[in-house]
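Written below as structure tokens is the structure these notes are about.
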Amino acid sequence: MTADATEAVILYGTEQPPAPVQRFQRGPLSFDLEAGKLRYIRLAGIEVLRSIAFVVRGPGWESPAPRISDLEARDGADALEIRYKACYETAGGQIEIAAHIRAPVAGGLTFQAEARPLTDFTTARTSFCILHPAAVAGGPLSVTRPDESVETARFPDTISAHQPFMNIRALTHEAAPGLKVTVRMEGDIWEMEDQRNWTDASFKTYGRPRDIPWPYTIAKGETVVQRTVLSFAGEAPGGARAGGVSGGPRRETVEIALGAAAIGELPRLALAVSPEEAPYALAAAGRLSAAPAQLIGWYEHGAHGLGELEAYAALAREMGAPVGLELVLPCKSAPAAELAEIAGLLRRAGLAPASITPIQAPMTKWVLKPPEEFGLPGFAELYGAARKAFPGIAIGAGVTSNFTELNIDRPSLAEADYVTHAPPG
């Protein structure tokens, strides 16, 4: 953090402050309204859903902030009603959402959204997204299909690489003993993904299946109408009836107790340096050597050559740090042949890496398919060839994109010493 950082950056990490949060309660039902999203939906203090939100994404999955207007909230004798408009502008055009949220005195909640493009609007997703908290993992679930048939299932316990449920109309789970929660989605085809793949603590149910091509265009003059209906059955612990209006306010006090505890050994740090950054890093090697325990280099065989490897060798000497190399193979010939060429270049450069992570060039992107589906050498063949080309050097298995790719590809670990992936974003 620089000395001249603004207060917003110090507090929030960005110049954009968070959206204001408004809290609403109707009997035992409570929720937060933040930038048009319902968050932390609770019944008698028990979280039943993490979020209900009508989300708008740009053509490349951009997440624009909405401009909220005409926000009105009325707590009448028969229902709590909230209305607002949200305008979004992306590279795909402009669209306005008219939202109506209603929590009747009889219980439950309805959230309806009408999306009206102000121009032709190209989007990767414009739809409701419903988040179940990760605490439901492994728990029972009833899945209602569009034909109203019901399937008994369970939320994934381990992180699901693929959509655990598709073709959904409604989902029912038990938020607490005796309290069943049903969320029903209307206006699209719905499916679920395990958000833990992206380190988000939730399961997301969303409209427009991923297998349908995107981006797509909603024409100016067209109106997209969707509705989410939340209902309860049974009693929450403490006696609050699911359909009633009684119930105390959510507890706001948070108690923090400080004590002595052993935290173990912190993970080692590493400094990732691209070939383009190597000359600048070399000039600052004295200062950089105070932090990292390892230097991570990126080498694309064919695009890079002896000069890049020599730069890494010089930087490693100046910093006194071991080097881990991510080796990107073009896969124009057999892995053994390309790795042998790289081994020869490393000897000429005077660089003896402590670890190597080989990766097929097309797999450096987010592809969500194993390499064999692209006609590429599989992970087992790649790691076996690396083991022969670099005896005595630690071989890493994994991907240079995110955990989701790793979870789907499931690289072979038989010839690997460690597993790696990049953070989700």
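Every number here is computed from the coordinates shown, using simple stated rules; none is lab data. On a predicted model such as this, the values are computed, not experimentally measured, just so you know. Cβ sites come from the backbone with ideal geometry, for glycine too, and all protein chains shown count toward neighbours.
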In Hz, Karplus ³J(HN,Hα) per residue of region 310-318 (6.51, -1.76, 1.60; θ = phi - 60°; x = Gly, Pro): 5, 5, 5, 4, 5, 5, 4, 5, 5
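Mean separation of Cα pairs under 8 Å and 6+ residues apart, divided by the residue count of the chain: what relative contact order is that in percent? Walk me through the numbers before you get to the answer.
Values: 942 pairs, mean separation 46.0, N = 425.
Once normalised by length, the contact order is 11 percent.
Find, among the GluC sites (Glu not before Pro) in region 1-105, those assigned to loop by DSSP (not H, G, I, E, B) with at most 12 other beta-carbon atoms within 10 angstrom.
Numbers: sites: Glu7, Glu15, Glu34, Glu47, Glu62, Glu72, Glu81, Glu89, Glu96; in loops: Glu15, Glu62.
Here the sparse-neighbourhood loop sites are Glu15.
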For all pairs of alpha-carbon atoms in region 104-181, what percent lies in each bin of width 10 Å, listed from the first bin to the last filled one? 13, 37, 33, 15, 2
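Can you order the peptides 378-386, 111-119 by their average number of other Cβ atoms within 10 Å per residue, highest first?
378-386, 111-119
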Using a 10 angstrom Cβ neighbour count of at most 11 plus a DSSP loop assignment to flag exposed trypsin sites (Lys or Arg not before Pro), which longest range of the chain is free of such sites? 1-250
If you stretched the chain out fully between Val150 and Val367, how much longer would it get, using 0.36 nm times the residue separation minus the C-alpha to C-alpha distance? 74.8 nm
Residues of type lysines that Lys220 reaches as a straight line, Cα spacing below 30 Å, ignoring anything fewer than 8 places off in the same chain: Lys37, Lys85, Lys204
Shape category assigned to region 270-420 from the gyration tensor of Cα positions, a/c cut at 1.5: prolate
If you place +1 on the Cβ of every Lys and Arg, -1 on the Cβ of every Asp and Glu, and leave all else neutral, what size is the dipole of region 7-234 about its Cα centre, to the nearest 20 Debye? 280 debye
Starting from the Cα of Lys388, draw a straight line to each of the lysines and keep only those under 26 Å, dropping any in the same chain fewer than 8 residues away. Lys332
Write down Rg/Rh for region 320-391, rounded to two decimals, with Rg from the C-alpha atoms and Rh from the Kirkwood relation over Cα pairs. 0.99
From zero up to wherever the largest Cα-Cα distance of region 7-234 sits, split into 5 Å bins and tell me the percent of pairs in each. 1, 6, 14, 18, 19, 17, 13, 8, 3, 0, 0
Out of Gly234, Ile159, Ala219, whose Cα points farthest toward the positive end of the dipole of region 7-234 (charges: +1 Lys, Arg; -1 Asp, Glu; placed on Cβ)? Gly234
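Can you give the charge dipole size of the chain about its Cα centre, rounded to the nearest 20 debye, using +1 on the beta carbon of Lys and Arg and -1 on the beta carbon of Asp and Glu?
Working: 39 positive and 49 negative charges, 150 e Å.
Rounded to the nearest 20 debye, it is 720 debye.
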Two-site label geometry, Trp198 and Asp157: point separation in nm, points 7 Å out along Cα→Cβ: 2.7 nm
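Do any chymotrypsin sites (Phe, Trp or Tyr not before Pro) in region 1-100 lie in a loop, going by DSSP, with at most 13 other beta-carbon atoms within 10 Å of their beta carbon, and if so which? Write out the running numbers ahead of the final one.
Numbers: sites: Tyr12, Phe24, Phe31, Tyr40, Phe54, Trp61, Tyr84, Tyr88; in loops: Trp61.
Taking region 1-100 and a limit of 13 other Cβ atoms within 10 Å, the loop chymotrypsin sites (Phe, Trp or Tyr not before Pro) found are Trp61.
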At a Cα cut-off below 15 Å, give the aspartates and glutamates reachable from Lys365, other chains included and same-chain residues fewer than 8 away excluded. Glu300, Glu326, Glu373, Glu405, Asp409
Mind checking the angle between helix 379-389 and the chain's longest principal axis? C-alpha axes, 0 to 90 degrees, to the nearest 10. 20 degrees
Where does the Debye-calculated log10 I(q)/I(0) of the chain sit at q = 0.08 Å⁻¹, using only Cα point scatterers of equal weight, no solvent? -0.62
To the nearest 0.05, how large is the calculated FRET efficiency for Ala91 and Ala5 if R₀ is 25 Å and r is the Cβ-Cβ distance? 0.25
Could you tell me the distance between the Cα centroids of region 13-87 and region 326-367, to the nearest Å? 49 Å
